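Notes to accompany the following structure.
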Amino acid sequence: MIGIIGYGSYLPRYRIKVEDIAKEWGSDPESIKKGLKLFEKTVPGLDEDTITISVQAAKNALKRAQINPKEIGAVYIGSESHPYAVKPSGTILIDALGIGPDVHVASYEFACKAGTEAMFVANSLVKSGEVKYALAIGADTSQGAPGDALEYSASAGGSAFIIGQENVIAEILFSNSYTSDTPDFWRREREFYPRHAGRFTGEPAYFRHVVSAGKLLLEKSDMKPEDFDFAVFHMPNGKFPQVAGKKLGFTEKQMETGWIAPWMGNTYSGSSPTGLSAVLDEAKPGNKIFMVSFGSGAGSDGFIFNVTDKILEVQDKAPKVREMLDNNKIYLDYGGYAKFREKIILNE
Amino acid sequence: MISPRYVREVPQRYRLEASKCKTCGKINFPPRLICPSCKSREFETITLSDKGKILTYTVIRVASAIFSRETPYAVAIIETTEGAKLMAMIADTNLDDVAIGKKVKLVFRKIQDEGVSGLHCYGYKAIVI
Amino acid sequence: MKDVAVIGIGMTKFGELWNKSIKDIFVEASLKAIDNAGVDHIDSMYVGAMSSGLFVGQEHIAAVMADYLGMGPVPSTHVESACASGGMAFRQAYLDVASGNSEIVLAAGVEKMNDGADATAVLATAADQEYEVYNGITFPGLYAMMANAHMHDFKTTPEQLAAVAVKNHHNGFNNPNAQFRSEITIDTVLNSTLVADPLHLLDCSPVTDGGAAVILCPLDMAKNFTDKAVKIIASTQASGTISLYERESFTSIKAVVKAAEKAYKQANLKPSDIDFAEVHDCFTISEIIVSEDLGFFNKGKGGFAVQEGKTSIETGEIPINTSGGLKSKGHPVGATGIAQVIELYEQLTEQAGKRQVKNAHIGMAQNMGGSGASCTINILEAL
């Protein structure tokens with residue numbers, strides 16, 4: 001049996017409300033809240049980045065996996081906000097956690113699905129017998145251009161999964177991928193903010209890939225939506241995943257536990273992985289979990305998990321997503337947010 | 001570039017590695033070649049716990065250029081549960097909640113950037129719990 | 001060891017000296033001292049400066065100054081110990097004469113802090129770079145931490161800290177060379193902006209350009225030059241822990257305690273024998289803590305003492321910082337230790353004007369570096 005043996009997440013404590021962003025640009029917060037189902041989002045501190053988020057998420061995953069970090073043979077971090085353009089985020093993480101030096105490290109990039117990329121590869125590597133344990137992380141501190149629609153959702157956070165063969169808490173039954181050249185959202189080298197193609201990001205991009213990957217996954221597994229207890233989808237806002245899920249035949253009830261974007265925002269590579277983490281926090285033995293991510297450019301990764309008995313032993317060993325979402329919040333105004341997100345031009 | 005100087009301190013800044021004197025038990029953070037208490041030269045490497053308490057602190061309101069975006073921020077001298085001491089910036093805490101005696105946990109954070117093109121420099125900060 | 005005397009003094013005004021370079025300042029102060037002593041040559045010189053390199057990009061400072069002073073190819077030595085550079089240069093000069101190696105020696109300190117360097121960052125190089133400054137502490141921050149500990153342990157108050165600044169400004173008002181010659185009140189201090197809690201702007205010594213110089217010679221030679229000579233009866237130095245966090249106490253500075261012990265022993269004196277003292281008040285809390293570590297007051301009582309006027313010129317049992325201290329006179333880092341000796345000299349030769357302490361026979365100068373990892377103490381006696 002191969003699957004997740006430990007999982008963990010980290011969300012920064014800072015938040016900004018949709019109202020405070022809307023006020024700045026003269027937009028109507030109610031239409032954003034109703035239309036996109038977003039209320040507030042996480043904001044990283046000046047001292048936080050994809051690496052520090054990954055380290056904390058991985059520490060939480062290690063608390064649940066209870067393995068010796070030195071036995072981790074591969075570390076993959078997926079993000080679209082790696083702190084270095086050239087130098088993998090994992091090189092710093094391994095020294096922070098005491099992993100390696102005999103470890104394979106790589107950075108993944110595929111817009112919002114870089115985290116599930118890492119999971120996909122980690123799973124395959126353990127399956128092939130190449131490594132005993134592989135650590136896969138999806139984490140981001142993504143930027144939204146000032147005054148742009150994405151400013152309401154681009155947020156920060158991440159989740160880590162240790163894949164192995166012993167003491168599995170969620171077996172990976174099936175995985176798949178669906179990819180095409182669909183330029184719905186991208187960022188050119190050396191540009192600070194990304195660009196997107198407006199409404200093209202909907203039907204031709206997000207929905208086409210999520211629904212297609214989802215349908216193919218159901219076929220591959222010979223399972224039906226009703227067979228699942230939970231469904232998690234990439235959450236660019238609160239609305240899209242609910243629509244996609246329904247198109248595939250899932251109910252709001254099945255999606256509820258993993259539906260965290262309205263309070264978290266879109267943590268990009270951390271989005272569906274953190275939704276999965278929120279589900280694992282509450283899952284029971286025997287539960288089936290359906291998950292499809294989406295990364296602009298574009299593609300989707302799909303996974304089907306079967307929760308084992310061991311889940312009950314580990315849930316309480318590290319902070320849960322709901323706790324991190326609801327407690328210890330520090331709200332910022334737009335000025336504080338702009339300062340933290342380095343949107344203010346400094347004299348350097 | 002400061003790479004060699006930075007890399008040397010990684011075990012301390014990333015993993016809180018300290019050295020404990022085999023003769024008198026004093027914990028040196030960072031490690032030293034000779035124990036300042038008993039002059040012994042034999043040590044064992046230990047990892048400090050990530051929990052401690054504030055012994056004294058201040059709130060910096062005028063900082064040097066590197067930290068000028070972060071003011072006001074608190075810096076504290078912290079004693080870890082095993083009796084080692086270190087200095088750390090306080091993170092994620094309202095300044096009113098910082099006081100002598102408060103308990104803290106140490107977390108991995110980015111400490112400073114070497115300008116726009118240099119290294120990202122990481123280390124430990126403390127959150128009041 | 002021979003007995004050594006101070007026979008001449010000279011200093012520039014302390015302040016923002018935009019039109020003077022570090023060389024101009026050093027030479028001006030040194031020539032004043034040389035003329036004041038009435039010597040026509042020197043045998044060696046000691047240059048106290050914290051960091052001409054970081055402030056103005058110039059190292060090899062001892063050679064630069066020897067050259068520009070035009071006093072021939074004499075040996076010139078740079079002495080550095082952060083803010084104790086001046087006092088330590090003085091001690092090295094003292095040893096040079098006391099050992100019999102040289103006769104007429106110049107000890108001069110200088111700092112040019114206003115040429116555009118990030119003064120906060122440069123001053124922070126006196127602290128531990130990797131474990132203190134790396135984590136965001138500043139130099140005022142280190143003393144602020146000591147102040148918080150002192151307030152927590154001994155109930156010292158912000159008003160007592162402010163009283164130090166008020167007293168020193170009051171004294172500095174009568175010092176023609178002081179950077180600030182303005183009377184201030186407790187409220188002025190408490191209403192000035194916070195720099196590092198609990199220290200306000202006016203709890204902190206300023207950023208200053210300035211130079212100060214003295215001439216030393218064997219005591220038995222002094223009368224050849226002047227009838228206003230002063231004898232050095234103790235000159236000591238001690239080292240402490242560089243990082244504040246590694247110290248056992250945050251309210252006492254070990255290097256000060258040790259240097260003082262040795263100084264009292266060398267001069268065969270007790271704290272109560274000292275008539276007045278120049279103390280390193282880089283921050284108001286520093287004066288309070290040092291006044292305790294020098295034995296003038298019991299530990300924890302320094303704040304109450306200054307509040308009760310025990311260290312004022314007018315009513316004090318031990319006037320402290322009659323020159324105005326670093327706070328009012330200014331703190332051109334490397335020059336400070338020498339300027340302290342100059343104040344002792346002026347007091348002991350009854351040339352201190354409106355700052356004059358009555359019956360000043362024995363004065364102490366305490367100079368320390370960084371957060372107190374180094375300390376030099378010099379005790380001078382009137383002849």
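Data for the structure
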| quantity | calculated |
| --- | --- |
| Förster radius 35 Å - calculated FRET efficiency between C:N298 and C:N101 (Cβ-Cβ, nearest 0.05) | 0.25 |
| Under 14 Å, Cβ to Cβ, from A:A85 - net charge with Lys/Arg +1 and Asp/Glu -1 | -1 |
| Proximal charge balance of B:Y6 [Cβ under 9 Å; K/R count +1, D/E count -1] | +1 |
| Euclidean distance of C-alpha centroids, region C:1-73 and region A:20-87, integer Å | 58 Å |
| Residue-count net charge about C:C204 - beta-carbon cut-off 13 Å; Lys, Arg +1, Asp, Glu -1 | -2 |
| Value of Rg to Rh for chain C (Rh from inverse mean 1/r over Cα pairs, i.e. Kirkwood) | 0.94 |
| Estimated distance in nm for a label pair at A:D309 and C:D187, the labels positioned 7 Å out from Cα along Cα-to-Cβ | 7.7 nm |
| Separation of alpha-carbon centers, region A:292-348 and region C:110-128, rounded to whole Å | 42 Å |
| Long-range lysine pairs (8 or more apart or interchain), region B:3-128, Cα under 15 Å | 23 |
| Efficiency of FRET between A:E189 and C:E261 - r from beta-carbon atoms, R0 60 angstrom, step 0.05 | 0.40 |
| Spatial separation of Cα centroids for region C:172-231 and region A:113-183, in angstrom | 64 Å |
| 15 Å Cα-Cα reach of C:K358 towards aspartates and glutamates, excluding residues that sit fewer than 8 places from it in its own chain | C:D273, C:D275, C:E314, C:E317, C:E343, C:E346, C:E350, C:E381 |
| The protein assembly as shown, dipole about Cα centre (Lys/Arg Cβ +1, Asp/Glu Cβ -1), debye to the nearest 20 | 1560 debye |
| Inter-site label distance for A:K343 and A:K284 at 7 Å from Cα along Cβ, in nm | 4.4 nm |
| Largest-first principal axis extents of the Cα set of chain B (Å) | 44, 39, 21 |
| Burial ranking of peptide ranges B:28-37, A:166-175, A:248-257 (average Cβ count within 10 Å, highest at the top) | A:166-175, A:248-257, B:28-37 |
| Chain C: relative contact order in percent, alpha carbon pairs under 8 Å with at least 6 residues between | 26 percent |
| Point-to-point label distance, A:E203-C:E159, nm (Cα→Cβ direction, 7 Å offset) | 7.7 nm |
| Dipole-positive endmost among C:L383, A:G144, A:Y268 within the protein assembly as shown (Cβ charges, Cα centre) | A:Y268 |
| Relative contact order of chain A, defined on C-alpha pairs under 8 angstrom at six or more residues apart (%) | 26 percent |
| Cα gyration tensor, the protein assembly as shown - rounded (a/c under 1.5), prolate or oblate | prolate |
| Relative contact order [Cα under 8 Å, 6+ residues apart], chain B, whole percent | 21 percent |
| Calculated over region A:1-338: convex hull of Cα atoms, volume per residue (Å³) | 118 Å³ |
| Given charges at beta-carbon only (K, R positive; D, E negative), |dipole| of region B:63-129 in Debye | 100 debye |
| Farthest positive-ward along the protein assembly as shown dipole, Cα basis, beta-carbon charges - from C:T77, C:L348, B:S49 | B:S49 |
| Most to least packed among C:68-81, A:58-71 [average Cβ atoms within 10 Å] | A:58-71, C:68-81 |
| For B:C21, C:C204, order by how many other beta-carbon atoms lie within 10 Å, fewest first | B:C21, C:C204 |
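The numbers here are math on the coordinates, done by the rules we state, and not lab data. Since the model is a prediction, treat every value here as computed from it, not as a measurement. Quick reminder, even Gly has a Cβ in these numbers, built from the backbone with ideal geometry, and neighbours come from all protein chains shown.
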